[in-house]
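The values are calculated or read from the model by the stated rules, or taken from the named source; none is laboratory data. If you're wondering where the values come from, they're calculated on a predicted model, not measured in any experiment. A quick note on method: Cβ atoms are made from the backbone with ideal geometry, for glycine too, and the neighbour counts reach across all protein chains shown. The area values use the complete protein model at the heavy-atom level, side chains included, leaving out ligands, DNA and RNA. Shrake-Rupley method; radii C 1.70, N 1.55, O 1.52, S 1.80 Å.
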Amino acid sequence: METAAPSAVIVAIDGPSGTGKSSTSKAVAAKLGLRYLDTGAQYRAITWWMITNGVDTDDPQAIAVAAGKPALVSGTDPAAPTITVDGLDAAGPIRSQEVTSKVSAVSAVPEVRTVITDLQRSIAAEAAQEAEGIVVEGRDIGTTVLPDADLKIFLTASPEARAARRSGELRGKGAADLAATKEALVKRDAADSGRKTSPLAKAGDAVEVDTTDLTLDQVIECVVTLVEERRSRDAAQVEGPERGTSEGHSAGAEPRRSATEDTEKRAGRK
């Protein structure tokens, strides 16, 4: 039977835009030898496909009908993550202002979230089985996509800090001034937190990290430490039972799940 590597770890990092989520997730994955998945890019990619294929993004029914048509492929190398749609490189087009203005509406459609969530769980399960694990970033990873992730982190920051960071990221790409950027972020937060299907929310067992007054390096160091601590606890739990008897189980004891079963549970395949 195929089993996951003992050190495989699934990390869910959630939070709104401008908290340092993408930069932190990529850097943590690179430092720890993990794969990386930007789920926001997937929702942007399907939104871009809707726009370029003439789907009315103000019509939830039209979006629902088209949700399963595009073929999305996400490359999970943290040093060079990629996203293609029907074989076309979409990394650049998905960052346009038009996509940014429409992605919340598209991603709120349940059929879209079902398609993308299934894809995300498949990628996470593959990474846990074939690699050291994966860092998955988004808005509903710890609550919906991977509720059994080994470690859940929720990044926050003040609206002012987030707007300043976001303006810097978008400079030269048609972004408006700082005040307008802040207004857009607040509007996006309201849309993502208020949607009926998989809203932006902190998981009950997530570790919250406020990045307002932290440098990127400090946030990365914090998250790396949290992942390493979790790995150490998992290793200790695995090592403990192996020191016991190898002859069956005591009367009434529940059989311990295999590594494969544990991995699939954490990756959402229950």
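A few notes on this one:
- Near residue 26, once Lys and Arg are set to +1 and Asp and Glu to -1 for all other residues with Cβ below 13 Å from its Cβ, the sum equals 0.
- Restraint check, 69/187; 21/152; 102/196; 152/196; 69/152; 152/187, Cα-Cα greater than 20 Å: 69/187; 152/196; 69/152; 152/187
- When the solvent-accessible area of region 25-73 is split by element, carbon and sulfur atoms take up 50 percent of it, the probe being 1.4 Å.
- Accessible area per residue in Å² at 1.4 Å probe, computed on region 25-131: 42
- Counted charge near residue 76, where neighbours are those whose Cβ lies closer than 14 Å (Asp, Glu -1; Lys, Arg +1): -3
- Residues with amide H under 5 Å from that of residue 207, placed H, sequence gap 5 or more: 152, 153, 154
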